[in-house]
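Asks: Before anything else, here's the structure in question.
The values are calculated or read from the model by the stated rules, or taken from the named source; none is laboratory data. A quick note: this is a predicted structure, and the numbers were derived from the prediction, not measured. Virtual Cβ from ideal backbone geometry, glycine too; neighbours counted across all protein chains shown. The area values use the complete protein model at the heavy-atom level, side chains included, leaving out ligands, DNA and RNA. Shrake-Rupley method; radii C 1.70, N 1.55, O 1.52, S 1.80 Å.
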Amino acid sequence: MKYMLMMFGSSEGMGESASPEWIREMIGFMKALDEDLTQRGEMVFNAGLADGSTAKTVRVEGGLPVATDGPFAEAKESLIGFWIVDVASEERVVELAGSIAKYSGVVEVRRTADAPPEF
């Protein structure tokens, strides 16, 4: 089963509130997690994202695309990284999410769809 694990946070906020030691520990954990998922054959794709302050939100207004700064104006935290994994069970993906949540506080897990819903 394929799942997307989404890590939320703020790079800017982390730099202000976390110690350099904690940040190094977190980066070491992320590298080890990536290596473990790859060795187990569970990694499909992953990426970290640039800080949310560099994001744009695009909406259509009056038939034209309009870009505004930031992913969500009302939120300080946004998606900062993700993994697509192919694991044997929901229990395994929850285990992975729990290990990541130690650093981000919350991880959203969503199963990928094989096809669009039928109507």
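Asks: So which GluC sites (Glu not before Pro) in region 1-105 end up in coil per DSSP with only 10 or fewer other C-beta atoms within 10 Å?
Replies: Filter output for region 1-105: 74.
Asks: Additional query: Using θ = phi - 60° and the Karplus curve 6.51 cos²θ - 1.76 cosθ + 1.60, what whole-Hz ³J(HN,Hα) does each residue of region 55-69 get, with Gly and Pro shown as x?
Replies: 7, 10, 10, 10, 10, 9, 10, x, x, 10, x, 10, 9, 10, 6
Asks: Also, quick follow-up: Between 29, 46, 99, whose Cα lies farthest towards the positive end of the dipole of the chain when Lys and Arg beta carbons carry +1 and Asp and Glu beta carbons carry -1, centred on the Cα centre?
Replies: Projecting each Cα onto the dipole axis, the largest value belongs to 46.
Asks: Using a simple charge model, +1 on the beta-carbon of Lys and Arg, -1 on the beta-carbon of Asp and Glu, nothing else, what dipole does the chain show about its Cα centre, in debye to the nearest 20?
Replies: Dipole of the chain, to the nearest 20 debye: 100 debye.
Asks: With the dipole of the chain worked out from charges on the C-beta (+1 for Lys and Arg, -1 for Asp and Glu) around the Cα centre, which of 65, 80, 8 lies farthest toward the positive end?
Replies: Going by the charge dipole, the pick is 65.
Asks: Can you compute 3J(HN,Hα) from phi for each residue in region 13-22, using the Karplus curve 6.51 cos²θ - 1.76 cosθ + 1.60 with θ = phi - 60°, rounded to whole Hz and x for Gly and Pro?
Replies: 3J(HN,Hα) across region 13-22, in whole Hz: x, 5, x, 7, 10, 9, 6, x, 5, 5.
Asks: Using heavy-atom solvent-accessible surface (probe 1.4 Å) with all chains present, what is the largest-first order of 37, 79, 64?
Replies: Heavy-atom accessible area, descending, gives 64, 79, 37.
Asks: Suppose R0 equals 30 Å. What FRET efficiency, 1/(1 + (r/R0)^6) with r the Cβ-Cβ distance, do residue 99 and residue 49 give to the nearest 0.05?
Replies: 0.95
Asks: Next up: Please sort by residue number the trypsin sites (Lys or Arg not before Pro) in region 2-94 whose DSSP state is loop and whose Cβ has at most 12 other Cβ atoms within 10 Å.
Replies: Answer by residue number: 76.
Asks: For the chain, calculate the relative contact order in percent as a whole number, restricting contacts to Cα pairs under 8 Å that are 6 or more residues apart.
Replies: 46
Asks: Right, another one. Where q = 0.14, 0.20 Å⁻¹, what log10 of I(q)/I(0) comes from the Debye formula for the chain, counting one point per Cα?
Replies: Normalising to I(0) and taking log10 leaves -0.70, -1.15.
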